[in-house]
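Derivation of every value follows stated rules applied to the coordinates shown; laboratory data play no part. Bear in mind that the values here come from a model prediction, so they are computed numbers and not experimental data. A quick note on method: Cβ atoms are made from the backbone with ideal geometry, for glycine too, and the neighbour counts reach across all protein chains shown.
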Amino acid sequence: MEKRCEPDTFIDSIKRKRKIQKQWVYEDGKIVHRKISYVPGLYNIFDIILVHAADKKRRDPSMNRLRVKIDTKMNEISVYHNGAPLIGDETFDDVINNFDLTNSYSTCFWVELADECGISRQEFSNNMDVKFERVVCKVDDYSTMVTFKPDLTKFEMTCLEEDVVALMKKRVLDMAGCLGDTVTVELISEVIPFNSFKGYADFFLNCAQESTPFPLPRTHAKLSDSLEICLSLSDGKFQQVSFVNSIATIKGGTHVDYITKQITTYIKKEVLKMKEHVNVNADTVKNRLWVFVNARIDNPTFHSQTKEMLTTKPARLGLNSRLTHGQKSEIAKTLLPRIRICLKRTHVETHVEAMLAGGSERGKCTLILTHGEFAFAMAGVSAWLDPDLYGVFPLSSKLLNVRDSRKLLKKKEIQILMTILGLVRNKKYSDAESLRYGRLMIMANQDEDGAYLKGLLINFIYSFWPSLLKVSKFMSVFTIPIIKASNSKEGKELSFDSMQQYEDWEKDLGNTSTDDWEIEYCKGFTAAQEVKEYFQDLGERRAYFVWDDDDEQDGTSTSIELAFSKKAEEWKAWVCNSQMMQPGTCNYESKSIKYRDFVNKELLFFSMKNLQRFIPSMVDGLTLGQRKTLFCSFKMKLTKPTEVFRLTTYVALHSFFHDDEQSIASTIIGMAQDFVGSNNINLLIPYGQFGTRELGGKDHASFRKLCNKLNCVTRLLFPVDDDKLLEYLNEDGKSVEPNWYIPIIPLVLVNGCHAMGTCFSSDIPKYHPCEIIENVRRFLNKEEMVPMKPWYRGFRGTIKKSAKGYTINGLVERINEQTSFRQIGVYEMVDFKVKMKPEKIATTEDEDKEELRRKFNLTCTISTSNMYLFDAEGKIMKYNSPEQILEEFCRLRQEYYVKRKEYLVKNFKQLLRSLKMKQTFITNVVYASCRIYRRAEFLTEILKKVKSSEPQVAGAIDYGSEEQKADEQETVATLGDYKYLSSLPLESFTRESLVKLEAELGEKKKELKTLKDTSPDSMWLNDLMLFEKEFDKLQKIQTEEERNRSIMLKRKNDFAIDAKKLSQPRKNNQKEADDDIPSLACHVELSGEKTRDSDNAVVDADDLVQEKASPAKKGPTKAATTSKRKNVQPAESAGRKKVRKTRESPFNEVVRNLEYMSDSDPDGDNDSDDEHLSGFMH
């Protein structure tokens, strides 16, 4: 016997690259449709054995039993069937030859044939290489059994995997349906509960019904002994389950088309008779069908050796029986009502349509709008709500604020929603009867993001169909818990639909701690079982929006108008006065919510939370994300370089930051950036490419490739002694970051602010820390503060006071030497040189530098009139000057130095008590005056000795005072745990340790006296002095690094110039020397706030000035540029990165001018006699 080659031709692939696709499989007593990974070749060598058994039944009607065993432990498969093993002239070898493919891919293979001569057993091993002697013994019954162990190594497997076994089991069920009612099929000692094709189809559809959002009616028909069919409905895509001679044709074929064509043609005619769907065609009807076919055909032909699709021509099928008119009518009667409903449905991929939507019962239908694809997947409408009445559509992204927006009709998601609901623009609705859905239900998270989605949907309807909001019970909301609390000890489980409910519950606990409770934050829907419970309690969790006539003015809602109109000043006043409105969560238990209450509570709460993400606090100068990052950096002691992605994970876990990791990583990277204009003091030290000024920091590397650590001055800005004084917030039952930190100087003035929130923006320049410190000293000395001038670390230009704020100027100077290079540095500075025509330079000399800066757009203005910050009480406030910010900060900081001193004094007293207790304990043990093995008596003696009077040393506390007596009573009450005494090491009980302890006690008493003698203002001045020293060191290091970077970059550029001169010959028309043409060098140094540096380019300076002088001409035309530049290389210009336009700081104006100049000649060649510009950054 020859083994077969090229397995792909006969049994499909055996490679490890498996097919991963959805298949119908049998597991846990059900047929389910799920994704599986399997090796087709392994499945097919098993199928060969089953098909042979089915073929035996066709040739031997006496066969009435089929038994299949799959042993996953032994990796062994056995197929047994009774009946005559040999038919006609068939020999034992002929039977074995039928299984060659299975045999050649098995480590062990044996066949047992039982007839009147006895049992003949033939065994093979090692992929059919080894053949054992045939064994014959007597037996009473006739049967055939094939057993094999597949060679799993050939299929790159180690065992029979779950997916493959489930697919094999489903194939055994196929056999039970195909073989008929005369054969009993067993699968691993379990009898299959059906033995007919009708029973198979019913079992299949009943299993599929559990995951289908609509009923599955079915009708059976037996056209002849060789053809049986069953028809049902699909979910919009044609489905078929078919067999030819018990071979599973998973891709269908001509036998399926033979039946489908008859059904679709008839149903199409019936639908057209109803005149409801003029455009219906056969394919539309076919897509709504699910066809089961079991055919027996002589000599069938297939598309390939794997026999997945029948290709026998219809004329040779031998299926002479056609559906009768009565059978077609019966099928149409069963399926047509549902098909008519399906044909009315909208065709949106992510939309689950209610069956009755758009029909006569549409007023009862509800469209559920979920927040995101995940919520859509978990909505469970098909399983737990009536699919006739409920549809689902997920909103994958936030809707636009659509009022007065012409982009509305261009937004695909809005168009789909309008189509699903049946909304017609500019139509006035007095009720919802003409819509496809009579009700709308919003299903979103109960946090601020969910509130924003609800608000946008309300605004969407209100903007174009305001009358719909007045329709009773048209719009509702489905509430789901946002917090869950469980107590395993008491067996209690609570859920809270809002953070306000949870916080009220925490307050009601009083002195009882939440430590015994496990708190879970539910972002989105949770387990399927819980979602099922929510839907079963739909009536209790559904609340309807109600129109408030008191809120109506001239037919409009004043609250909705205020929240979504473009009247920014009114909106700002609304937010600023929010403390009078008590933002929070509506009371959903009332089952009705006024639109006004929703806007003034939940939507306002979202607005405040949204602003906190972008606009920093006046106290610590940090936004919410930055504060969480700093908190976690302190908590994990980030003193060594650590990967940013590790810090990102730590922030999410320990500060319960419910944001995506990319957002957290961006915050961390921003806190570590140190290029010019990013941070005057970066709280984190960067290790890696954290971005440059060229793209405003957006060109940073992936956060998984970056490291950072705390800056050495960070803890000096935020002293550890203040940590215990802060008010820490609570998230998910855990203590997280404080409401704000309290640095020694206002960080918002050091690092500035350039932020934009909802209707608010804030622009605060950066200032020199030393100038801020000097003003703090003036405040402590009760002197008037000196106005501060903006300062940007590393910026070498000038900043001058102007009428509108401050004017920033680049550096301009005249040089004579000629410079040319190609390499561009992009980290610190933009430096370009313009060579001008000789006849124009005289004019330029007469102009002062201010005029040059103006003509070259090397100047810009920054304003201090838009400084919004959150104050200490969490209210957003506008500040008129940096000095006002500083003064308010100083008053608060002064209060906290008083609190710090009180806390430290109390802490020192506690430490002295502990040392005193330790001294008394060791003394009594060393001198054997106490017996430590009797603990209760010993503690009593210790307390007595602590209370006893002792000699006082200089500077010690007077323990005989009233204060001392009160402290002693507190000591007795609070120091109930003396474990720190009993855990002392043995070497502590010596006279030497007593001497050291007495010395330590004396030192601590002196320190306490020094602390008491130090005023809070002096403590502040000491902190400022320490910070100044460290900051000066940091400045020197950074200056040296910048200088070294500039030197290295210049050397690199010079090397590139020399290489270019050597490689390129001088052109014939070029002058021998052009040193006689003076140059004007414009050194432009920018702050770098979200800026982009220019690329290397060449430009005519005269054209540049003329273009600037002409206001109608903002840049050279394409034609003009082409005519002037003969040697343009577009590839270099096209290769430049393009940055998405964002709201720019004033410094970006200068950068745009540089880009304009560089775009004038994108090739950067230096081949013109009358123009020369070369750019570099260092």
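The table for this structure:
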{"read-out": "Förster-model FRET efficiency, 56 Å R0, Glu210 and Lys1033, C-beta, rounded to 0.05", "value": "0.20"}
{"read-out": "Relative contact order %, the range 481-521, counting alpha carbon pairs below 8 Å whose residues are six or more apart", "value": "50"}
{"read-out": "Cubic angstrom per residue, convex hull over Cα atoms of the range 1-192", "value": "125"}
{"read-out": "Most to least packed among 616-623, 103-110, 766-773, 797-804 [average Cβ atoms within 10 Å]", "value": "616-623, 103-110, 766-773, 797-804"}
{"read-out": "Protection proxy ranking, peptides 121-130, 147-156, average beta carbon neighbours within 10 Å, highest first", "value": "147-156, 121-130"}
{"read-out": "Whole-Å semi-axes of the range 617-743's equivalent ellipsoid (Cα gyration tensor)", "value": "23, 17, 13"}
{"read-out": "Ratio Rg/Rh [Cα only; Rh per Kirkwood] for the range 481-521", "value": "0.94"}
{"read-out": "Distance in nm between pseudo-label sites at Tyr980 and Lys705 (7 Å out along the Cβ direction from Cα)", "value": "5.0"}
{"read-out": "Relative packing of peptides 655-665, 284-294 - highest average C-beta neighbours within 10 Å first", "value": "284-294, 655-665"}
{"read-out": "Length gained when the stretch Met418-Ser735 is fully extended (0.36 nm per residue, less Cα-Cα span)", "value": "109.6 nm"}
{"read-out": "Hydrodynamic radius (Kirkwood) for the range 221-266, which is based on Cα pairs only, to one decimal in Å", "value": "11.6"}
{"read-out": "In nm, spacing of pseudo-spin labels at Glu493 and Gln689 (7 Å Cα→C-beta vector)", "value": "5.0"}
{"read-out": "Cα-based shape type of the range 190-322, given that a ≥ b ≥ c are square roots of the gyration tensor eigenvalues and the cut on a/c is 1.5", "value": "oblate"}
{"read-out": "Hydrodynamic radius (Kirkwood) for the range 32-146, which is based on Cα pairs only, to one decimal in Å", "value": "15.1"}
{"read-out": "FRET efficiency estimate (nearest 0.05) - Cβ-Cβ, Asp386 to Thr72, R0 30 angstrom", "value": "0.15"}
{"read-out": "Sites Cys712 and Trp505, calculated FRET efficiency, Cβ-Cβ separation with R0 45 Å, nearest 0.05", "value": "0.55"}
{"read-out": "Placed amide H near Ile685: partners under 5 Å, 5+ positions off or other chain", "value": "Lys709, Leu710, Asn711"}
{"read-out": "Extended-chain gain in nm, criterion 0.36 nm per residue less alpha-carbon gap, Asp548 and Lys724", "value": "58.6 nm"}
{"read-out": "Subset of Lys170/Lys328; Lys628/Lys899; Lys251/Lys286; Lys268/Lys412; Lys273/Lys313 violating a 27 Å alpha-carbon distance limit", "value": "Lys170/Lys328; Lys268/Lys412; Lys273/Lys313"}
{"read-out": "Relative contact order (%) - criterion: Cα under 8 Å, at least six apart; region: the range 1-192", "value": "25"}
{"read-out": "Spin-label pair Ser663/Lys878, simplified geometry with 7 Å Cα→Cβ offset, distance in nm", "value": "2.8"}
{"read-out": "For the range 715-771, the fraction of alpha-carbon pairs in successive 10 Å shells from zero, as %", "value": "20, 33, 36, 11, 0"}
